[in-house]
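Report on the following structure.
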Amino acid sequence: MEQQIPQVVADFLQQHDLPCQVVFHPPVHTVEEAMPYWEQLPGLHTKNLFLKDAKGKLFVVTCLAGRSLDMKKLPELLNSKKLSFGKPELMQDCLHTQPGALGPLSLLTDTTHQVTFAIDEALWNADFVTCHPMVNTCTVSMAVADLKAALVHMGVQPLVLALAPEGQEAA
């Protein structure tokens, strides 16, 4: 069977003339598992969290792959209270994405905009980033300018967060 990115992602990227480089690989569930395959792709590598706050508000937070987030400070940055990880079933319902495959392109299926997207300032200001396109059997590298254009086409206004490594203050 020929490997391909999900049709909804491929159609969206083609429709909006958003190029990307794709590498196919066996299913990966962690950043560590994916790293050997990402080495051939240009860009900063990402880690993505699906979070829910005490009031039920949903978030996708995309940060540098090696970043340890301070989960005590993150709610304040998101203008929220008490965050927890969202259940896999909720992620599937909202974003049609399984754990380990989450990324900014998962927001394509959030047509009601129930999920707030937040991205690490280091990624927002990079030239290229990598992410999964709703599946964990491939990874795409996109110019950040194209990712920004994709978010505009999706109607997503990201929160750009100055995330510092755990134990350090943001500059």
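Some notes on this structure:
- Odd one out for His29, checked against (1) open to solvent by 80 Å² or more (accessible area, probe 1.4 Å); (2) more than 20 Å from Gly86 (Cα to Cα); (3) not acidic (Asp, Glu): (2)
- In the range 88-124, the residues that are of a type in the set (Phe, Trp, Tyr) and within 9 Å of the chain's Cα centre (by Cα): Phe117
- Scanning the range 85-120 for residues that are closer than 13 Å to Val61 by Cβ and exposed (fewer than 15 other Cβ atoms within 10 Å of the Cβ) returns a single hit, Phe85.
- Total residues in the range 54-74 satisfying the condition of being open to solvent by less than 20 Å² (accessible area, probe 1.4 Å) and at pLDDT 95 or above: the figure is 6.
- Selection of the range 19-56 for residues being without any contact (Cβ under 8 Å) to a residue 40 or more places away in the chain and in a helix (DSSP H, G or I) yields Val31, Glu32, Glu33, Met35, Pro36.
- Close contacts from the range 149-171, counting a first residue that is in a loop (DSSP other than H, G, I, E, B) and modelled with pLDDT under 95 and a second that is open to solvent by 80 Å² or more (accessible area, probe 1.4 Å) and aromatic (Phe, Trp, Tyr), with Cβ to Cβ under 8 Å and a gap of 6+ residues or different chains, come to none at all.
- For Lys47: the one exception among (1) surrounded by fewer than 19 Cβ atoms within 10 Å (Cβ to Cβ); (2) within 12 Å of His132 (Cα to Cα); (3) at pLDDT 90 or above; (4) not polar (S, T, N, Q): (1)
- Restricting the range 130-143 to residues that are open to solvent by 10 Å² or more (accessible area, probe 1.4 Å) and aliphatic (A, V, I, L, M), the residue that is nearest to Leu83 (Cα to Cα) is Met134.
The values are calculated or read from the model by the stated rules, or taken from the named source; none is laboratory data. Note that the structure is a prediction, hence the values are computed from the model and not measured. Glycine also receives a Cβ, built like all others from the backbone with ideal geometry; neighbour counts cover every protein chain displayed. With ligands, DNA and RNA removed, areas are computed over all heavy atoms of the protein, side chains included. Shrake-Rupley method; radii C 1.70, N 1.55, O 1.52, S 1.80 Å.
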